[in-house]
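Values in this text are rule-based calculations from the coordinates and carry no lab data. Since the model is a prediction, treat every value here as computed from it, not as a measurement. When we count neighbours, we look across all protein chains shown, and the Cβ atoms used for this are built from the backbone with ideal geometry, even at glycine.
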Amino acid sequence: MAKSIRRTFKIIHNFVVFSLWMLFAQAQGAHALRINPPTSFADAQFTISDFVHFYNNKRLHVGINYLRPADVFSNIQHLILDKRKQRLLISRSVRSFKNKQIMEAKLSTVYN
């Protein structure tokens, strides 16, 4: 009895991993299956876990203000957004200062 349960579990587990692999391939494009198909079950598990890690911890998501899901989950999104606003204000002031310098230089060459 236990052997048949293990076999059933393995079949279900293989189906789930294969389904996740197909979703991964669709997200990466159809060429993902043709370039590097998994050669073993462990290889498929590694590839899927690597993709899930990338998707949750590295990739910026449009729907959550170009944040990573891990940042939103750990509730630090407000810190990241505040830092972005500060950098934007600094960049704007630097750009404004440089534009004033350019205009002054142009005006000085015109009137000299």
Of all chymotrypsin sites (Phe, Trp or Tyr not before Pro) in segment 36-82, which ones are in loop regions per DSSP and have a Cβ with at most 14 other Cβ atoms within 10 Å? Tyr66
Go ahead and run the numbers for FRET between Asn75 and Ile102, Cβ-Cβ distance against an R0 of 41 Å, rounding to 0.05. 0.45
Quick one: which residues, 5 or more positions from Leu67 or on another chain, have an amide H under 5 Å from its amide H? H modelled 1.01 Å from N in the peptide plane, none for Pro or chain starts. His61
Multiplying the sequence separation of Ser40 and Arg87 by 0.36 nm and subtracting their Cα-Cα distance, what value in nm do you get? 12.3 nm
